[in-house]
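To start, the structure under review is shown below, and the notes come after it.
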Amino acid sequence: MRVSSFGAFIVSALMPLIAQAQQKTAVDSAPLVISDVTWSHSLQRGLPVHELEDPGARLQLVCDPDRVFGPEPNGSFAVSLPQERAPARIVVLAQTGEQAAFQLEDGRVAQAKVDPDVWATLVAILGSSTEFAVVSAHDAVTWNVGKVLTGPCD
């Protein structure tokens, strides 16, 4: 019941994106649900990198809480979805109703180019939700993670 109620929330909250997707392409299958995945953590160029990966989809959150390369944040958020490898616009949704919407370039958005409140909402969703969705105009993936994202990511 919980998954289907979350699915209903996604559909009702994103009707404009869904309508746009249905106008452009025929929807052949239900949104992908990826379960039992775990955040992987690494350090690249001095920055913490957190990833969720499945054969059909991938999320990458690069954090820069210590401003390693100067006063501007060097964090980023990258998304690859099964039907849209490099989406131009996505919305990240939590079961609580919180959402963070982004314009992406080649499937990635730089933290420095985003409203700080929207970035904070993204980090809050990933740091407090074991189930969240990433939706674009042509695709939707619900992630069921074992544990929430941990560590600083301002």
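Would you mind getting the accessible area per residue of the stretch 32-145, heavy atoms of the protein chains only, 1.4 Å probe, in Å²?
For the stretch 32-145, the solvent-accessible area averages 46 Å² per residue.
Report the gain in length on full extension from residue 40 to residue 58: 0.36 nm times residue separation, minus Cα-Cα distance, nm rounded to one decimal.
Once the chain is fully extended between residue 40 and residue 58, it gains 5.3 nm.
If you find the alpha carbon centre of the stretch 116-154 and of the stretch 62-109, how far apart are they in angstrom?
Each part's Cα centre sits 9 Å from the other's.
In whole percent, how big is the carbon plus sulfur part of the accessible area of the stretch 47-154, probe 1.4 Å, protein atoms only?
Within the stretch 47-154, the accessible surface is 49 percent carbon and sulfur.
Could you tell me which of 59, 33, 86 has its Cα farthest along the dipole of the stretch 32-145 towards the positive end, charges placed at Cβ (Lys, Arg +1; Asp, Glu -1), taken about the Cα centre?
86
Probe radius 1.4 Å, ligands and nucleic acids left out: which of 69, 102 has the largest accessible area, and how do the rest follow?
Highest to lowest solvent-accessible surface, that is 69, 102.
For a distance above 17 Å, tell me the whole-number percent of Cα pairs in the stretch 32-145 that qualify.
52 percent
The values are calculated or read from the model by the stated rules, or taken from the named source; none is laboratory data. Only a predicted model underlies this, so the values are computations on that prediction, with no experimental measurement involved. Heads up, the Cβs are rebuilt from the backbone with ideal geometry, glycines too, and the neighbour counts pull from every protein chain shown. Surface accessibility is based on the protein's heavy atoms, side chains included, excluding ligands, DNA and RNA. Shrake-Rupley method; radii C 1.70, N 1.55, O 1.52, S 1.80 Å.
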